[in-house]
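Working notes, structure below.
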Amino acid sequence: MSSTKDLDIEFQEAVDRVNAYTDPFPADVLLNLYAYYKKATNNYSKPKGKKAIINAFKTNALFQVKNLSEDEAKRKYIDLANHYFLYGK
């Protein structure tokens, strides 16, 4: 099993890869990445989208990950990003 430092490095690499990607992600993938990222970084600020419906979807996504630890959220973010880049295009 990898150490916390290794997990942090792998997480940051996945975040960088996602941020560098210029094509649009499917909405469900994007919402999951959003929720995992917010949980992994311990950022519980309210969604600040311009549309109420988008904020509602973001809030729901955050609610669905509320029982994950920060490390679990990092691992899920990494796994989702890797899966998308391997199979999702």
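In the stretch 8-18, what residues are surrounded by 14 or more Cβ atoms within 10 Å (Cβ to Cβ) and either touching a Leu at 6+ places or on another chain (Cβ under 8 Å) or over 13 Å from K76 (Cα atoms) (or both)? R17, V18, listed by residue number.
Please verify whether Y21 is modelled with pLDDT of 95 or more, closer than 23 Å to F85 by Cα and touching a Pro at 6+ places or on another chain (Cβ under 9 Å), treating the condition exactly as stated.
On the way: modelled with pLDDT of 95 or more: yes; closer than 23 Å to F85 by Cα: yes; touching a Pro at 6+ places or on another chain (Cβ under 9 Å): no.
Taking the combined requirement at face value, the residue does not satisfy it.
To keep it simple, each residue is scored yes or no on (1) among the hydrophobic types (A, V, I, L, M, F, W, C); (2) surrounded by 14 or more Cβ atoms within 10 Å (Cβ to Cβ); (3) closer than 17 Å to D79 by Cβ.
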{"residue": "A27", "(1), (2), (3)": "yes, no, no"}
{"residue": "K46", "(1), (2), (3)": "no, no, no"}
{"residue": "K51", "(1), (2), (3)": "no, no, no"}
{"residue": "I54", "(1), (2), (3)": "yes, yes, no"}
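Taking Y21 as the residue in question, decide whether it is out of contact with any helix residue (DSSP H, G or I) (no Cβ under 6 Å at 6 or more places or on another chain), surrounded by fewer than 13 Cβ atoms within 10 Å (Cβ to Cβ) and on the phi < 0 side of the Ramachandran plot. Criteria not met by Y21.
The values are calculated or read from the model by the stated rules, or taken from the named source; none is laboratory data. Here the structure is a predicted model, which is why all the values come from computation and not from measurement. All Cβ positions, even for glycine, are placed from backbone atoms using ideal geometry, and neighbour counts span all protein chains on display.
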